[in-house]
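Each remark here refers to the structure printed beneath this line.
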Amino acid sequence: MTAAVEKKPDEVPPSSADAEEEVDDVEEDGAPEAQGAGEGKKKKKKKKTKKKKVEQTEPPTIGLSKLFPDGNYPEGELQEYKDDNAYRTTSEEKRYNERMAMEDPEVTYNNIRRAAEVHRQVRKYARKVIRPGMRMIDIAETIENGTRALVEENGLESGVGFPTGLSLNHCAAHYSPNPGDTLVLGEKDVLKVDFGVHVKGRILDSAFTLNFDPTYDKLLEAVKAATDTGIREAGIDVRLGELAGYIQETMESYEVEVNGKVLPVKPIENLSGHSINPYQIHGGKSVLLVKNDDQTKMEEGEYFAIETFGSTGRGKVIEQGECSHYARIVDAPHVPLRLTSAKSLLKSINKNFGTLPFCRRYLERAGESKYLLALNHLVAQGIVQDYPPLCDVRGAMTAQFEHTILLRPTRKEVVSRGEDY
């Protein structure tokens, strides 16, 4: 648990988690101080130095290295493997593999755990302050400012994992406000909050949905349950097509009553969870939400974003609206660029984002201006991929819940799990 630190005007905040506070206490000692002394004296005893732990502020601004000075970050929720893999929990060989992984700076679980703790603390504040009447751009910046401060943003070493998704209502994914966006959150809106944190390329991807009108409570309940089912059934050697079937079954067991009409909750058939590679948010494997014949297996050591989307509409999305999300393609071809502005922009993208997704606001923050022509040219040349908003039919409502899981040798770690979801 964290709480706000109240700063008085003249107070200087402690610079480390071990800010010291000395307390003198006077204890009564009835015995004479020395033999032959006429009367007993009060003997002052100094208590041991009391250490005051640094607490997170509101809004969150204190970097995690100050809160966890030993460099060890909280472990996520642990779930044991089932059936043929149940032996892994107590296997000495698998335990040894994990110890070796923790000692390897390239493989250590500490990076994803640090990113997860940033996500938990930032979203705790976000869930508290996001209310109807706020501009979407202010919501996005609140989340991003908190993320940058807590992860102690440092170039491509640590920072925001991808643009903050704030998709509303029938729009399920990939909407983030562009510069100048004036959209305001409404009382009846259903808001998907999807944001990421990365540490040394290990991307923590987690999302939740907020509603301020109880009409769609059951929709949120259905999607949260479907995500939890996906997490519970995921594991080493699990086939992705079968996992999708478990998610579908849970999601379709719910219905929502809207204005006296009962609507089924449908999994969005062309959206999916995905594996996550270093500096690559979509790692190549997909966890669809409807049962299919994909025989691909999950493997030891992999990271997955288990995310599910439910809809009261047709259960299928199309690209619609102004694009905000972009990413340089990992294996993009080497194309000679004729536009000088495109060359310059690509250089800036490589320097600031690498293959991490970005949005127009991030380009402006990096100092770019009048970049749209160059950006569209990079998209047309197959160097940058655009990700327009993905929407169901207007009038439908969509919800999303998502967690990042790590398939460790001994058990499954739901690294982004928190008290909230």
TODO: Would you be able to tell me the number of residues in the stretch 174-201 that are open to solvent by 10 Å² or more (accessible area, probe 1.4 Å) and among the aliphatic types (A, V, I, L, M)?
DONE: 2
Task: Set Gly395, Gly284, Gly310, Gly315: member being among the small types (Gly, Ala, Ser) and within 27 Å of Glu157 (Cα to Cα) - done: Gly284
Task: Leading residue by the ranking (surrounded by the fewest Cβ atoms within 10 Å (Cβ to Cβ)) among those in the stretch 332-382 that are within 27 Å of the chain's Cα centre (by Cα) and more than 27 Å from Gly283 (Cβ to Cβ) - done: Gly367
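Within the stretch 91-106, restricting attention to residues that are open to solvent by less than 100 Å² (accessible area, probe 1.4 Å) and not in a helix (DSSP H, G or I), which residue is nearest to Glu157 (Cα to Cα)? Let's see the steps before the verdict.
Quick first cut of the stretch 91-106, residues open to solvent by less than 100 Å² (accessible area, probe 1.4 Å) only: 91, 94-95, 97-98, 100-102, 104-105.
Now drop any that are not not in a helix (DSSP H, G or I), which leaves 91, 104-105.
Numbers: Ser91: 34, Asp104: 17, Pro105: 13 Å.
Ranking the qualifying residues of the stretch 91-106, first place goes to Pro105.
Out of Leu390, Leu406, Leu372, report the one residue that is closer than 30 Å to Glu257 by Cβ and of a type in the set (A, V, I, L, M).
Details: Leu406 fails: closer than 30 Å to Glu257 by Cβ; Leu372 fails: closer than 30 Å to Glu257 by Cβ.
Result of the check over Leu390, Leu406, Leu372: Leu390.
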TODO: Select, from Leu390, Leu406, the only residue that is touching a residue at least 40 places away in the same chain (Cβ under 8 Å), open to solvent by less than 10 Å² (accessible area, probe 1.4 Å) and closer than 30 Å to Ala225 by Cβ.
DONE: Leu406
Task: Glu249, sole failed condition from (1) over 30 Å from Glu98 (Cα atoms); (2) surrounded by 16 or more Cβ atoms within 10 Å (Cβ to Cβ) - done: (2)
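With a cut-off of at least 3 residues that are aromatic (Phe, Trp, Tyr) and at pLDDT 95 or above, name the strands (runs of 3 or more DSSP E) lying wholly within the stretch 291-396. It would help to see each step written out before you state the result.
Working: elements: 303-311, 325-328, 384-387.
It comes to 303-311.
Output the residues belonging to the stretch 252-269 that are of a type outside the set (Val, Ile, Thr) and either open to solvent by less than 80 Å² (accessible area, probe 1.4 Å) or over 19 Å from Lys188 (Cβ atoms) (or both).
We begin by selecting, within the stretch 252-269, every residue of a type outside the set (Val, Ile, Thr); these are 252-255, 257, 259-261, 263-264, 266-267, 269.
The answer is Glu252, Ser253, Tyr254, Glu255, Gly260, Leu263, Pro264, Lys266, Pro267, Glu269.
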Open item on the list: I need the full set of residues from the stretch 184-207 which are farther than 19 Å from His325 by Cα and under 17 Å from the mean Cα position of the chain (by Cα), in order please.
Closed with: Val199, Lys200, Arg202
Task: Failed item, numbered, when Glu307 is tested on (1) open to solvent by 30 Å² or more (accessible area, probe 1.4 Å); (2) within 23 Å of Ser275 (Cβ to Cβ); (3) of a type in the set (Asp, Glu) - done: (1)
- [ ] Report yes if Tyr73 is aromatic (Phe, Trp, Tyr), at pLDDT 95 or above, open to solvent by 70 Å² or more (accessible area, probe 1.4 Å) and more than 15 Å from Pro278 (Cα to Cα), otherwise no.
- [x] no
TODO: Tell me, please, whether a residue that is part of a strand (DSSP E or B), of a type in the set (A, V, I, L, M, F, W, C), closer than 23 Å to Tyr387 by Cβ and over 13 Å from the mean Cα position of the chain (by Cα) can be found in the stretch 132-154.
DONE: no
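From Tyr73, Tyr87, which residue is of a type in the set (Ser, Thr, Tyr), without any contact (Cβ under 8 Å) to a residue 12 or more places away in the chain and out of contact with any Pro (no Cβ under 6 Å at 6 or more places or on another chain)?
Criteria check complete, one pass: Tyr87.
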Open item on the list: Can you tell me which of (1) in contact with a strand residue (DSSP E or B) (Cβ under 9 Å, 6 or more places away or on another chain); (2) open to solvent by 20 Å² or more (accessible area, probe 1.4 Å) is the one His119 doesn't meet?
Closed with: (2)
Open item on the list: Any residue at all in the stretch 218-230 that's among the hydrophobic types (A, V, I, L, M, F, W, C), under 19 Å from the mean Cα position of the chain (by Cα) and open to solvent by less than 10 Å² (accessible area, probe 1.4 Å)?
Closed with: yes
TODO: Confirm whether Lys124 is among the charged types (D, E, K, R), surrounded by 12 or more Cβ atoms within 10 Å (Cβ to Cβ) and closer than 28 Å to Val193 by Cβ.
DONE: yes
TODO: Take the residues in the stretch 409-421 that are of a type in the set (Asp, Glu) and open to solvent by 10 Å² or more (accessible area, probe 1.4 Å), then tell me which one is farthest from Leu220 (Cα to Cα).
DONE: Glu419
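The values are calculated or read from the model by the stated rules, or taken from the named source; none is laboratory data. Treat the numbers as computed from the prediction; the structure is a model and nothing was measured. Don't worry about glycine lacking a Cβ; one is built from the backbone with ideal geometry, like all the others, and counts go over all protein chains shown. Keep in mind that these areas ignore ligands, DNA and RNA; they rest on the heavy atoms of the full protein, side chains included. Shrake-Rupley method; radii C 1.70, N 1.55, O 1.52, S 1.80 Å.
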